[in-house]
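The values are calculated or read from the model by the stated rules, or taken from the named source; none is laboratory data. Quick caveat: nothing in here was measured; it's all calculated off a predicted structure. No Cβ is skipped: glycine too gets one built from the backbone with ideal geometry, and neighbour counts run over all protein chains shown. To get the accessible areas, we keep the full protein, side chains included, count just its heavy atoms, and leave off ligands, DNA and RNA. Shrake-Rupley method; radii C 1.70, N 1.55, O 1.52, S 1.80 Å.
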Amino acid sequence: MSNEQQSVKMWSGRFREPLDSDFEKWQRSIVFDWRLLPHEVAASKAHASALCAAGILTEDETAELRTALDSIAADHASEDGQAIVRDHPIAEDIHHFVELNLVQRIGSLGLKLHTGRSRNEQIATDLRLYVREQIALTLDALIAWINSLAEKANHAGDAVMPSYTHMQRAEPVLIAHWLLAYVEMLFRDMGRLMDCSKRLNYCPLGSGAVAGATLTLDRTIAARELNFTAPTSNSMDATSDRDFILEYLQALTFVGLHLSRFAEEITLFATAEFNFVTLPEAFSTGSSAMPQKKNPDLTELIRAKVGRIHGAAQAVTLLLKGLPLAYNKDMQETQEPAFAVEFVAPMLSLVARFTAALQFNSKPMAHAAQTGYLNAMAAATYLVHKGIPFRTAHEKIGNAVRFALEKGVELNDLSLEELRTFGPEFESDFFAAITLTATLDCHNVIGGTARARVKQALAAASERIASLTQEAIHAGA
């Protein structure tokens, strides 16, 4: 490294020997933190405002700095501009890059901006801004998928499907009820992400390297300008805290798990053995060898992606678990896992469009919901209403199912005389009690699949979607 290059280091005054060239390249973070440029610019502008209020910068100097910072962001917003940042030959990190560019544009005034701050607080601020932004994007994408699921549920009407426990047919449910199960999962996901956004929304600027700024800065100025709730309360915690990255990744792990469960079910339901759904061609691919194939590549890839999300969360957990206060260079390694999950919001947007294009094969689903004794629970409930203890009713219907199995018919096909061999409580109204609609409607509780309850749940979901949409807008503000 030349003496000229060594001299532009942000910390070179104490050093006399140049860095080992391989180590210098190896320890640079500009190769991945280049994506923080907009956040670094925003935080630097806010710091300039605080310096101006403290009398360190004049209003003219502040305006010149802010204009130059805006021009740096604008000049590097395109893909080509981002590549220039990423491939910069000298800059150690995004903070160094911005300072070098400021000096290049406005001379020594660019050096004045670092007064009263440290890179430790800069990166802590940039990362909070970045994660807050990513959460807002993810919330928007979750809302889009929730809307697709809710719209499908509304259009499904009274169409039915079998539910499963232990991957065995259990009871008939409305397709809308099944779809709303995923809506509930996504509501929880949104809540976790919004909670994370609220907890991280405190501004580290003014924390200095570890003990607080050495200038009497009004920290509320930068916090207000960056839409933070308030300044952080402890400088040591502020500069060393990466809880928000871990919490963000853990919240995304839940999103990934729910995406994966949905993808697994759709992948199964699209098989010829189930034939419950028809995959949209716009989101499927073919086989290079077998002309007849339509493969569920989208759902298979989604199912796999949760491993990457969970791996990122685990990596950050292991990075943070043994670090003493306050800042340590180890924390640089928390950035790449956070950046590695940028695919989640775009993936959710794809799933929303995929869900909207998905077609349910209602006839095979209805047939499956009415075969295999899925009305056995309703049959036992019928006996309970006749005064039979449930355990006894369970035994009687179990015997009736075994008899029907041996005969090769459904419960509905047994005669009243045959049923009475299992108990005198069976009467002619039994058959009305185990029809498909009766089997659905006997689940007449909050959260049940009774038709009236599902209509109520759909209406409630619509209200919650509207409310959460407003909360998400506020969280991303």
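Identify, please: which residue in segment 272-286 is free of Cβ contacts under 8 Å to residues at least 60 places away in the same chain and under 27 Å from the mean Cα position of the chain (by Cα) and is, among those, farthest from Leu298 (Cα to Cα)? Restricting to residues being free of Cβ contacts under 8 Å to residues at least 60 places away in the same chain and under 27 Å from the mean Cα position of the chain (by Cα), the top hit is Glu281. Inspect all residues belonging to segment 413-429 and state whether any of them is open to solvent by 30 Å² or more (accessible area, probe 1.4 Å) and under 30 Å from Ile135 (Cβ atoms). No, that holds for no residue.
Scanning segment 23-65 for residues that are of a type in the set (Gly, Ala, Ser), open to solvent by 20 Å² or more (accessible area, probe 1.4 Å) and under 18 Å from Ala124 (Cβ atoms) turns up just one, Ala42. Being within 18 Å of Val316 (Cβ to Cβ) and of a type in the set (Val, Ile, Thr) narrows it down to one residue among Thr239, Thr229, Thr220, Thr214; which is it? Matching residue, one of Thr239, Thr229, Thr220, Thr214: Thr239. Name the single residue that is nearest to Asp195 (Cα to Cα) among those in segment 268-291 being open to solvent by 60 Å² or more (accessible area, probe 1.4 Å) and assigned to a helix (DSSP H, G or I). Checking each candidate, the answer is Ala282.
Taken together, the residues in segment 207-225 that are open to solvent by 10 Å² or more (accessible area, probe 1.4 Å) and either in a loop (DSSP other than H, G, I, E, B) or in contact with a Lys or Arg (Cβ under 9 Å, 6 or more places away or on another chain) (or both) amount to 11.
Residues checked against (1) in a loop (DSSP other than H, G, I, E, B); (2) open to solvent by 20 Å² or more (accessible area, probe 1.4 Å); (3) at pLDDT below 95; (4) among the hydroxyl-bearing types (Ser, Thr, Tyr):
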{"residue": "Phe254", "(1), (2), (3), (4)": "no, yes, no, no"}
{"residue": "Ile266", "(1), (2), (3), (4)": "no, no, no, no"}
{"residue": "Lys293", "(1), (2), (3), (4)": "yes, yes, yes, no"}
{"residue": "Val306", "(1), (2), (3), (4)": "no, yes, yes, no"}
{"residue": "Ala315", "(1), (2), (3), (4)": "no, yes, no, no"}
{"residue": "Met331", "(1), (2), (3), (4)": "no, no, no, no"}
{"residue": "Val351", "(1), (2), (3), (4)": "no, no, no, no"}
